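In what follows, a single structure is set out as structure tokens and then discussed.
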Amino acid sequence: GNTISYYTDGVTSKGSGLELSNRWNLSENLKLDLGYVYTDVFLSKKLSIVTDPINSQLGGVPREVAMFGVDWKINPKFKTYVQVRASGPSYADTPHTMQEPGYMTVDVSATYNYDKNLTINASIINLFDKAYVDNQANSATSLSYGLPFFASVGARYQF
């Protein structure tokens, strides 16, 4: 098969963007997080052997990503966090022949402080098992899919 490398020594790229984020402390026990990223990154110069077009959004880089999170301390011992992350559509390749749809994932976590020594935590990544390309491909023929539903439980004991 053919392999198309995105980033080689034969190109010059430029990028600019905007990142906004904030945390609002609504109360001692409730906090909201909000974030937004806009990215414009493209090839600005290339050697003749590189076939990707200049001035075109690089493959694997979505223009927009947004995040919303809620940090809730239910009681002095129990805390939860929920994060929703939305990524806009992107292309798997810089010539824009392979469009990848946008996606949204939900992650949740909880921490329980049993006592001053023992903390128990649990988390779920991609709660609804959304299948998506995570924009981390290094070629159009080797797309990298995002982490499927993943749950973990752990404990920490301080002696």
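Return the residue satisfying two criteria in turn: it lies in the range 100-114 and is open to solvent by 30 Å² or more (accessible area, probe 1.4 Å) and among the polar types (S, T, N, Q), and of such residues it is nearest to Ser144 (Cα to Cα). Going through the qualifying residues, I end up with Ser109.
In this structure, does Thr119 turn out to be among the polar types (S, T, N, Q), out of contact with any Leu (no Cβ under 7 Å at 6 or more places or on another chain) and more than 18 Å from Leu34 (Cβ to Cβ)? So Thr119 passes the test.
Out of Asn117, Asn126, one residue alone is in contact with a Phe, Trp or Tyr (Cβ under 6 Å, 6 or more places away or on another chain), surrounded by fewer than 16 Cβ atoms within 10 Å (Cβ to Cβ) and not aliphatic (A, V, I, L, M). It is Asn117.
When Asp33, Asp129, Asp134 are checked against the criterion of being acidic (Asp, Glu) and under 30 Å from Val11 (Cβ atoms), Asp134 stands alone in meeting it. Every condition in (1) exposed (fewer than 12 other Cβ atoms within 10 Å of the Cβ); (2) touching a strand residue (DSSP E or B) at 6+ places or on another chain (Cβ under 7 Å) is met by Thr97 except one, and the failing one is (2). Would you mind stating whether Thr8 is modelled with pLDDT under 90, exposed (fewer than 15 other Cβ atoms within 10 Å of the Cβ), in contact with a strand residue (DSSP E or B) (Cβ under 6 Å, 6 or more places away or on another chain) and in a loop (DSSP other than H, G, I, E, B)? The answer is no for Thr8.
Of the residues making up the range 121-145, those that are in contact with a strand residue (DSSP E or B) (Cβ under 7 Å, 6 or more places away or on another chain) and modelled with pLDDT of 80 or more are Asn121, Ala122, Ser123, Ile124, Ile125, Asn126, Leu127, Phe128, Lys130, Ala131, Tyr132.
Of the numbered criteria (1) more than 23 Å from the chain's Cα centre (by Cα); (2) open to solvent by 40 Å² or more (accessible area, probe 1.4 Å), the one Tyr81 fails is (1).
The values are calculated or read from the model by the stated rules, or taken from the named source; none is laboratory data. For clarity, every value in this text was computed on a predicted model and none was experimentally measured. Don't worry about glycine lacking a Cβ; one is built from the backbone with ideal geometry, like all the others, and counts go over all protein chains shown. Remember, those area values only see protein heavy atoms, side chains included, never the ligands or the DNA or RNA. Shrake-Rupley method; radii C 1.70, N 1.55, O 1.52, S 1.80 Å.
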